[in-house]
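Q: Once you've had a glance at the structure underneath, I'll fire off some questions.
The values are calculated or read from the model by the stated rules, or taken from the named source; none is laboratory data. Values in this document were obtained by computation on a predicted structure and should not be read as measured data. Ideal geometry is used to build each Cβ from the backbone, glycine not excepted, and the neighbour counts take in all protein chains shown. Side chains are part of the model used for accessible areas, which takes the heavy atoms of the whole protein and leaves out ligands, DNA and RNA. Shrake-Rupley method; radii C 1.70, N 1.55, O 1.52, S 1.80 Å.
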Amino acid sequence: MIARSSKANNFQQEEACLAHIDEFPNGQCLPLPDGISESALFSFLRSVCAVGEPSPEVVQRYCEDHFNRIVFTYGLIKGLKGKCLELGSAPYFITMLLKQFTDLELVLANYFGQRYAGIYRENAERVCPLEISFENPRNHMKEYIKTEFYQFNVESDMYPFSDSEFDVVLFCELIEHMQMDPIYALMEMKRVLKPNGVLILTTPNANRIENIIRMISGSNIYDHYSGYGPYGRHNREYNVHELMTLLEYCGFSIDSISAIDTTNVSAWEDPIIKQLEPLLGEKEHSLGKQIFIRAKNTKEARRKRPAFLYANYLPEELENFKLPEKEDVINEPSIAFIGDWHDLELWNSTPTRWIGPDASLHIYSEQNRSTKFCFKVLSFYSQRNLEVRFGEALIAKYEVPTSFINVCEAINLSAGANELRLHVREGCERPCDKPELKNTDSRCLSLAIQEVTFS
């Protein structure tokens with residue numbers, strides 16, 4: 001389920017919020033640990049600091065700015081058990097929440113370039129000592145814990161862990177910092193997760209209301225260059241649909257996904273947004289400031305890189321896995337094109353795509369539901385036979401002429417990922433191979449598709 005961003009009724013969790021928990025204006029409530037008040041938890045987190053941290057004041061300000069987001073993240077993790085890998089654990093706010101208020105066995109990981117290369121633990125590869133100071137939330141005494149973290153680059157290094165070693169992996173506020181290859185990072189997380197292990201991912205929402213306001217007012221939405229280097233800035237942010245598609249592509253099933261505001265100030269009250277609200281109303285569930293995801297490692301991943309996220313690779317390295325354009329043959333926000341879909345064309349102002357012999361639609365549904373799948377289709381040059389498959393089942397066959405016909409089939413979508421396949425038995429042909437056409441087009445064409453709908 002996707003929780004609404006600024007007018008949500010609640011934040012999806014396994015347990016209801018306790019009655020005493022402070023509520024935000026949008027109806028969301030902080031999932032506090034049992035028996036601790038919001039003010040006590042804030043004081044505890046604000047006291048957390050790695051011993052030797054060169055800028056403790058900066059860390060404290062970060063806690064103040066991100067307190068709500070940190071506690072919402074804890075809400076996704078609360079109740080999980082087993083061995084947990086926390087990637088990008090610094091500045092250790094979530095680390096300490098989990099150490100104090102869960103039974104998880106924590107393993108920490110960071111990447112600071114060569115900054116820590118000289119202090120690895122003796123006889124251990126890429127392991128650094130760590131001491132954290134904090135104020136005990138129960139007796140308010142200053143205490144210290146000694147632990148350690150692994151040092152490696154999550155998008156280029158092989159993780160120094162065994163296959164299926166962890167029950168939980170935390171990938172929080174990291175994917176937006178990736179420079180080159182988030183697929184590699186997610187595939188390594190999948191490798192070290194047990195089957196049905198849980199991935200927790202949080203990240204800023206590229207489609208947040210604040211960005212819409214900035215663009216309309218003439219401001220730039222991109223990050224500044226960072227004194228911490230190329231990983232110190234947001235290199236690529238994501239929206240809800242992209243992350244759903246990316247995780248499904250990597251073999252994860254979404255348990256919950258929410259795009260919510262994590263501050264007390266609602267951007268929906270901005271005068272610019274008030275004017276746009278009639279246009280944005282249908283999308284408000286995906287316009288919150290922060291994306292929170294809990295997913296499970298449930299199935300095989302695809303082995304290439306999806307074309308909706310990667311470019312300028314060799315053709316054999318990419319999979320034709322694309323998201324619809326702004327005006328496309330289909331305007332559903334939770335569908336991706338897979339396989340032999342050619343680029344978008346306009347035929348008398350109508351969006352049209354040719355397909356090759358096999359083309360699929362990857363359909364993400366928030367719930368089990370029945371729908372009618374309809375589209376218009378014609379065949380290139382000569383009549384062809386189209387098979388429509390949903391999952392493994394053949395649901396319909398059509399003889400498609402060289403003029404448009406309408407196709408409609410009832411299907412039952414399952415919650416999560418679904419795949420609908422269009423298979424052309426006769427395959428495809430190239431216009432340039434037909435002398436009578438006098439056409440240099442070298443694409444292999446079978447059917448042209450228009451006006452795809454699910455209703």
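Q: In whole Å, largest first, what are the principal axis extents of the Cα atoms in the chain?
A: Principal axes ranked by extent give 85, 54, 43 Å for the Cα atoms.
Q: Another question, then. Compute the accessible area per residue over the chain, keeping the other protein chains in place, probe 1.4 Å, unit Å².
A: It amounts to 48 Å² per residue over the chain.
Q: Show me, for the range 342-356, the HN-Hα J-couplings you get by feeding each phi into the Karplus relation (A = 6.51, B = -1.76, C = 1.60, θ = phi - 60°), rounded to Hz, glycine and proline as x.
A: 7, 4, 5, 10, 10, 10, 6, 6, 9, x, 9, 10, 7, 10, x
Q: In addition: Note the angle between two axes, namely the Cα long axis of helix 38-47 and the longest principal axis of the Cα atoms of the chain, as a number of degrees from 0 to 90, rounded to the nearest 10.
A: Helix 38-47 sits roughly 80 degrees off the main axis of the chain.
Q: How many nm separate the modelled label positions at R369 and E436, each set 7 Å beyond the Cα in the direction of the Cβ?
A: Computed distance between label sites R369 and E436 equals 4.6 nm.
Q: Taking the Cα atoms only, what angle lies between the long axis of helix 271-280 and the longest principal axis of the chain, rounded to 10 degrees?
A: 40
Q: Next question. If eta is 0.890 mPa s and T is 25 °C, what Stokes-Einstein diffusion coefficient results for the range 78-117, Kirkwood Rh from Cα pairs, in µm²/s?
A: Working: Rh = 10.9 Å.
Roughly 224 µm²/s, to the nearest whole number.
Q: If you don't mind, there's one more thing I want to ask. Rounded to whole Hz and in sequence order, give me ³J(HN,Hα) for the range 322-333 from the Karplus expression 6.51 cos²θ - 1.76 cosθ + 1.60, θ = phi - 60°, writing x for Gly and Pro.
A: Once θ is set to phi - 60°, the couplings for the range 322-333 become 10, 8, x, 7, 4, 10, 9, 5, 9, 10, 5, x Hz.
Q: Identify all aspartates and glutamates with a Cα-Cα distance to K142 below 16 Å; exclude those on the same chain that are fewer than 8 residues away in sequence.
A: E131
Q: Rounded to the nearest 0.05, what FRET efficiency is calculated for R389 and L279 with R0 set to 35 Å and r the Cβ-Cβ distance? Display every interim value, and only then the final one.
A: Numbers: r = 37 Å, r/R0 = 1.04.
The computed FRET efficiency comes out at 0.45.
Q: For the range 231-338, with all protein chains present and a 1.4 Å probe, just round the carbon and sulfur fraction of the accessible area to a whole percent. Write out the running numbers ahead of the final one.
A: On the way: 2400 of 4920 Å².
Within the range 231-338, the accessible surface is 49 percent carbon and sulfur.
Q: Same structure, new question: Simple spin-label model, 7 Å along Cα-to-Cβ: Y225 to D181 in nm?
A: Spacing of the two 7 Å Cα→Cβ label points: 2.7 nm.
Q: Please calculate the 1.4 Å probe accessible area of K78, with all protein chains present, and give it to the nearest 10 Å².
A: 40
Q: I would also like to ask the following. Calculated from DSSP H runs of 4 or more alone, at -39500 (n - 2.57) each and per residue, what is the 222 nm mean residue ellipticity of the chain, nearest 500? Don't skip to the answer; put the middle values down first.
A: Details: 7 runs with 81 residues, N = 455.
That calculation yields -5500 deg cm²/dmol at 222 nm.
Q: Could you tell me how many degrees, from 0 to 90 and to the nearest 10, lie between the Cα long axis of helix 56-77 and the main elongation axis, the longest principal axis, of the Cα atoms of the chain?
A: Helix 56-77 sits at roughly 60 degrees to that axis.
Q: Over the range 298-412, one equal point on each Cα, no solvent: what is log10 I(q)/I(0) by the Debye formula at q = 0.09, 0.21 Å⁻¹?
A: Relative scattering, expressed as log10 I(q)/I(0), comes to -0.28, -1.47.
Q: How big is the shadow of the Cα convex hull of the range 181-321, averaged over all directions, in nm²?
A: Values: hull surface 42.8 nm².
Convex hull of Cα atoms, orientation-averaged projection: 10.7 nm².
Q: Which FRET efficiency value, to the nearest 0.05, do you get for S39 and M158 by plugging their Cβ-Cβ distance into 1/(1 + (r/R0)^6) with R0 = 41 Å? Display every interim value, and only then the final one.
A: Details: r = 43 Å, r/R0 = 1.06.
The calculated FRET efficiency here is 0.40.
Q: Computed over the Cα atoms of the range 372-455, what is the convex hull's projected area averaged over all directions, in nm²? Display every interim value, and only then the final one.
A: Numbers: hull surface 24.7 nm².
Mean projected area of the Cα convex hull: 6.2 nm².
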